[in-house]
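To keep things clear, I will list the structure first and then write my remarks on it.
The values are calculated or read from the model by the stated rules, or taken from the named source; none is laboratory data. Just so it is clear, the model here is predicted, and its values are computed rather than measured. Backbone-built Cβ (ideal geometry, glycine too); neighbour counts: all protein chains shown.
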Amino acid sequence: MAENKDQPNLDEIMSQVHVCIESSHNEVVQIEQVQYSEFLDKLVEMNFKIGVIKQAPITVQKSSDYNVIIVGTPKDSTFSPREIEDLKQYVYNGGALFLLGDQGGDQANKNNLSELAGHFGIKFNTNILVEKSAQAEEDEQLITISDFLNHFVMRGIEHVALKSPCSLEVFSVPGVETNAVAFSPPSTVEVTWNGQQWVETGARKHVMIAVAKYGAGKVVAAGTTRILSTLLNKKHGFKAVDNEKLVVNILAWLVNREVYDKGKLKSVFVNVSLKPDLYFWIENELKSDDKFRDFNEVINFAIESLKRGMEKFKKINK
């Protein structure tokens, strides 16, 4: 196959993606800490460029340097009204936010993350979720979920384990498309703040992960930061069950974008999951044959061939 210089190379596209870890509001997620080393390794493996915002305020100018900004629960710190408006504009212009709350929501963490998320139809509830059917006391705040909406971020996911999460609330905002995509089991017990103390309420299903589209940009929200950390307890954290796959899906969805040149659509970047045997077969073909530059060309060639075959089949059977 002749080299098509108009077709963007997948590695080139990925290397143009800049992911930012927001750290200017005393966030729980600080990428230099050892518990986030495996998450950092995954970002590097995905060929992302990684940056950190360490100095407030967040502005449109600062945020525009990044395709995705990860906000991992500010502690004892709030976003100013101007910062919130600038982040809202950043998303509208095509940026993406990955918002992570934590147990107790804004109340316990003394932040206003819900004020930001609210512009996208999402709220971090002031609660702690508990699984009373847990066999060990240490697992009571481990919520294992398998109830998912059919959505890109949940592709190939069977189980996700979220430690010490708060639940989410989704609501309608004009101009925003918001969806809940993951739900806790009906046996999940909610512990809420009544203004004076934490009070246990009844068991029910809760929203755990939500996604939103606003303008040209996207937002994903989850109720715990621990999904990014690597902990001694392998029942939860980045490496537990399908958590790593979920985070990869989330990042892929957030950066999925249409590539235009002079107003013409050139390509659409998507994340593709391959079966191991197919992956190694293609890898071997790439090494032994100069027909293809990369996986990107192989997949496009395969789909084009399938398209031609299906069109021919439809004509024959008319």
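Remarks
- Scan of segment 226-263 for residues that are touching a Leu at 6+ places or on another chain (Cβ under 8 Å), at pLDDT below 85 and not in a loop (DSSP other than H, G, I, E, B), ordered by number: Glu258, Val259
- Any hit, segment 165-179, residues being within 12 Å of Ala222 (Cβ to Cβ) and either surrounded by fewer than 17 Cβ atoms within 10 Å (Cβ to Cβ) or touching a helix residue (DSSP H, G or I) at 6+ places or on another chain (Cβ under 6 Å) (or both): yes
Matching residues to (1) closer than 30 Å to Ser80 by Cβ; (2) in a loop (DSSP other than H, G, I, E, B):
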site	(1), (2)
Ser114	yes, no
Lys123	yes, no
Pro165	yes, yes
Thr178	yes, no
Pro185	no, yes
Gly195	yes, yes
Val199	no, no
Lys205	no, yes
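- Test: residue in segment 73-94 that is on the phi > 0 side of the Ramachandran plot, crowded, with 19+ Cβ neighbours inside 10 Å, in contact with a strand residue (DSSP E or B) (Cβ under 8 Å, 6 or more places away or on another chain) and not in a strand (DSSP E or B): yes
Conditions (1) crowded, with 24+ Cβ neighbours inside 10 Å; (2) within 23 Å of Ala117 (Cα to Cα); (3) out of contact with any strand residue (DSSP E or B) (no Cβ under 8 Å at 6 or more places or on another chain), marked per residue:
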residue: Val207; (1), (2), (3): no, yes, no
residue: Gly215; (1), (2), (3): no, yes, yes
residue: Val220; (1), (2), (3): yes, yes, no
residue: Lys235; (1), (2), (3): no, no, no
residue: Asp242; (1), (2), (3): no, no, no
residue: Lys245; (1), (2), (3): no, no, yes
residue: Val248; (1), (2), (3): no, yes, yes
residue: Ala252; (1), (2), (3): no, yes, yes
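- The set of residues in segment 49-76 that are in contact (Cβ under 8 Å) with a residue 40 or more places away in the chain and under 24 Å from Ile250 (Cβ atoms) comprises Ser63, Asp65, Tyr66, Asn67, Val68, Ile69, Ile70, Val71, Gly72, Thr73, Pro74, Lys75.
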